[in-house]
Amino acid sequence: MSFEKVLFYLFAAVLVTASVMVVTRRNPVHAALFLVLAFFSSAVIWMLAEAEFLAITLVLVYVGAVMVLFLFVVMMLDVDVAALRAGFIRYLPVGVVVAVIMAAELVLVVGPRHFGLGQYAAPAAKAADYSNTETLGAALYTAYLYPFEIAGAILLVAIVAAIRLTLRRRPGTRYVDPSQQVHVKRADRVRLVKLAPEQKLEHK
Amino acid sequence: MEFLVGLWNAVPEGLQVLIWTLVKIVAIVAPMMLVVAYYTYAERKIIGYMQVRIGPNRVGPKGWLQPIADAVKLMFKEIVVPSNANRALFLFAPLLVIGPALAAWAVFPFSAELVLADINAGLLYILALSSMGVYGIIIAGWASNSKYGFLGAMRSAAQMVAYEIAMGFALVGVLVAAGTLNLGQIVLAQSGGLLHWFWLPLLPLFLIYFISGVAETNRAPFDVAEGESEIVAGFHIEYSGMAFAVFFLGEYANMILISALTALFFWGGWLNPFEGWPVLGPATAWVPGFVWLCLKTGVFMFLFLWFRATFPRYRYDQIMRLGWKVFIPITIVWILVVAVAVVYRLPPWWVS
């Protein structure tokens, strides 16, 4: 077995285990961390498929940003684990139905009838100087320019809308303008008071 | 010798790759640990002299054995796990801090030929790994079941996410200017001497990258995550012995990494600063590139210490304001400027 194959089976096993752990762990922080592990292992598998840009972007975006915020929220919530487990039996049938439908769909799409080496030839290994990133960039900015830009505009609108919806102006907050703070002079803050030694205080 | 060669050839090929890779990793990590140890010594000495003290001077001649004594002391101390702490995660968190800091060196070119993994997407790899360091800190704060620890973790998570964006955008500027993601080629794109390095055309990005790097490593003046005056030691308050030492190693390894990367992206990596100059150029041509890289990295490593000795700690809301409202807009504007300069081949840097 080649080194790549060993790596593939190793990380595939880690990925499957981590994904099972995500849904079975009781502690939500543990579940979130296993999800991070799952993302990371799938990134390694993509890397083995020579999709280095997608693999590293998966780590950068999902592991480095999305899951950090997720973990942030999960840690701050005081989740009552017992209440979460209470509905397990009640929702089990619905969950099983959804799972079976999804599995069936997956088999239909990527099953042996439409997928696999019999349908498509194995892609030839690219030369060492082949840049995945460059190819993707060229495709996105030439052939798919309009969809790409429209998607970007939609995301921008979504960001603005999300900020607008959660923004609230609280009138009571005290805010000091930083430029005012920077430009403060000694004369604004310091007052020298001359006290003669043994000065007699006059009472009036 | 022949016996050893025979033994090596008897090893299966897959295992050979593994062993050879491990040897290379040790060749990078072992000197790194030594540099980290003596960086802590340098920090104490330099800050000592800046504050008109002498610093450590008892263990060994001029205190040179101080870091070794510290390491031995920490190794033999007990690792106290707090009650109701999440034991597994508590012990795992320090590894998550030091792991990415060391793994990033895999793609780092020490000279034109000396690089462990010369990959095309090196810059992306660096970005991805530096974004993972935050996990160790959040998990440490959460798993130690301490309010101070948790507050420190939350602060540092928010801060690192904010400054990572500015850092990423600064690197986008570098990538636009160099036209490649490969770290070695980024260095070669800067060849031509001191004035051709990216620090000049990318001056705002250079400053922002280094300042964000200081914030990203939670160093003074951005060290609110461990702010002694409010939350004692922040995320690593409950750690002792070797577990604490690993956090420390991770922090210093990260500082060295940021210094080396700044030298690589903006100060021309291993390139000779006097390349192409009339007298100094030929006179310094014999100096190996590795020496230049070490000198440049040393300057930034010294800056880290200088900052710590000089600046008072930032207030938390000002840290966030600086990251989101100052750095990110400046980087976006400068990326546009660089893009226009590269596309229209504007002098003096992009004439070809």
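Restricted to Cα atoms, the protein assembly as shown shows a radius of gyration and a Dmax of 27.1, 107 angstrom. Each residue of the range A:59-76 was assigned a 3J(HN,Hα) from its phi angle through the Karplus curve 6.51 cos²θ - 1.76 cosθ + 1.60 (θ = phi - 60°); the sequence is 5, 4, 7, 7, 6, x, 10, 4, 6, 4, 5, 4, 4, 3, 5, 4, 5, 7 Hz, with glycine and proline shown as x. Rounded to the nearest 20 debye, the dipole size of the protein assembly as shown about its Cα centre is 2200 debye, using +1 on the Cβ of Lys and Arg and -1 on the Cβ of Asp and Glu. Rg/Rh for the range A:116-165 stands at 1.25; both radii use Cα atoms, and Rh follows the Kirkwood definition. A quarter of the convex hull surface defined by the alpha-carbon atoms of the range B:233-352 gives 11.8 nm² as the mean projection.
Normalising the average separation of contacting C-alpha pairs (under 8 angstrom, six or more residues apart) by the number of residues puts the relative contact order of the range B:107-185 at 38 percent.
What are the lysines whose alpha-carbon lies under 17 Å from the alpha-carbon of B:Lys62, with same-chain residues fewer than 8 places away excluded? Result set, ordered by chain and number: B:Lys45. Can you list the residues of the range B:137-171 that have at least 40 square angstrom less accessible area with all protein chains present than in their chain by itself, probe 1.4 Å? Buried by 40 Å² or more upon assembly, which counts only protein chains, are B:Ile138, B:Trp142, B:Met154, B:Val161.
Ligands, DNA and RNA excluded, the heavy atoms of B:Trp20 present near 140 Å² of accessible surface to a 1.4 Å solvent probe.
Straight-line cross-link reach from A:Lys5 at under 23 Å between alpha-carbon atoms covers these lysines, not counting any fewer than eight positions away in the same chain: A:Lys126, B:Lys24.
Provide the net charge surrounding B:Leu261, with neighbours chosen by a C-beta distance below 14 Å and charges set as Lys +1, Arg +1, Asp -1, Glu -1.
-1
Share of carbon and sulfur in the accessible area of chain A stands at 69%, probe radius 1.4 Å. Solvent exposure of the protein assembly as shown amounts to 59 Å² per residue of accessible area, where only protein heavy atoms count and the probe is 1.4 Å.
Each residue was assigned an accessible area with a 1.4 Å probe, and for B:Lys62 the value is about 140 Å².
Tell me: how much accessible area in total is hidden between A and B, 1.4 Å probe, Å², nearest 100?
On the way: alone 17770 and 17530 Å², together 32970 Å².
Summed over both sides, the interface buries about 2300 Å².
Of the residues B:Tyr163, B:Leu15, B:Phe274, the one whose Cα sits farthest towards the positive end of the charge dipole of chain B is B:Tyr163 (charges of +1 on Lys and Arg Cβ, -1 on Asp and Glu Cβ, taken about the Cα centre). Normalised by the number of residues in chain B, the mean separation of alpha-carbon contacts (under 8 Å, six or more apart) gives a relative contact order of 21 percent.
The values are calculated or read from the model by the stated rules, or taken from the named source; none is laboratory data. Just so it is clear, the structure is predicted and the values come from calculations on it, not from any experiment. We place every Cβ from the backbone using ideal geometry, glycine too, and count neighbours over all the protein chains shown. Each accessible area value is taken on the protein alone, full model and side chains, heavy atoms only, with ligands, DNA and RNA left out. Shrake-Rupley method; radii C 1.70, N 1.55, O 1.52, S 1.80 Å.
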